[in-house]
1. Specify which labelled value, from [x] 30, 19, 17; [y] 37, 17, 16; [z] 26, 25, 16, agrees with semi-axes √(5λ) of the Cα gyration tensor in Å derived from the coordinates of the model shown.
2. Within region 150-167, which residues have the backbone N less than 13 Å from the label spot 7 Å out from residue 136 along Cα→beta-carbon, could you tell me?
3. Based only on other Cβ atoms within 10 Å, what is the fewest-to-most ordering of 75, 51?
4. If we count other beta carbons within 10 Å of each Cβ, what is the order of 173, 218, 115, 133, fewest first?
5. With both bridge residues required to lie in region 1-152, what share of the DSSP beta bridges run antiparallel, to the nearest 5%?
6. What's the long-distance tail for region 103-252, i.e. % of Cα pairs beyond 21 Å?
7. For a footprinting-style exposure proxy, rank 206, 232, 249 by other Cβ within 10 Å, fewest first.
8. Need the C-alpha centroid separation for region 76-108 versus region 49-66, integer Å.
């Protein structure tokens, strides 16, 4: 399995300002930064899975749909929990923020198709099984167990301290990696608690809920605190810890 952290700037910054994770070139989890890929690369993406409705996870979705649209019976498929689909329909594709491509899809060649996904219910995209699992964030949010039958990865962001996804991860014998957030420095634990994010110390506590030692790739570091958070992460001295950088590609 190949996973790429899609960059969200053009200035070479090590910071990530929005979130999209590209799997095997054709599936994206979240659409915050997918619009920063080349149009040719965007056209290869056939499925987008949305974790939750916050802007840094959906910001590029309208631009992406505009870039990949072709008048044909086929369209990109967007997956999300029912409340996320409702939010996109009511607050994004409403002719005020962006043209109502949902309505247009019923009148002309479709721009997109929505598919609702449910907590704990796996669904298949090609050779990948994706299991959405509820996290603990300020809005309903899914993490995902992505499994290709040989290896599996748990994508755990955005969240505060949580339990359910670790139960799913520990039951998967093929789990090789966790992509886990660490948004704020330890000194801002109060804000992490209020916004339901993690600090490096909280991230270590979450990681220790696994019943085995696997690779951990840290994602979703707030750019304003990047240097402080990364220093605190390195101080943890976790043997298999990596800090993600924009446009990094990982073989799982």
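Quick note: the coordinates plus some simple rules give every number you see, no bench work behind them. This structure is a prediction, so every number in the text was calculated from the model and none was measured. Virtual Cβ from ideal backbone geometry, glycine too; neighbours counted across all protein chains shown.
1. Read-out from the structure maps to [x].
2. What the label zone holds, given the 13 Å backbone N cut-off, is 159-167.
3. 75, 51
4. Ascending Cβ contact count within 10 Å gives the list 173, 115, 133, 218.
5. Antiparallel bridges make up about 55 percent of those DSSP assigns within region 1-152.
6. Distances greater than 21 Å cover 48 percent of the Cα pairs.
7. 249, 232, 206
8. 11
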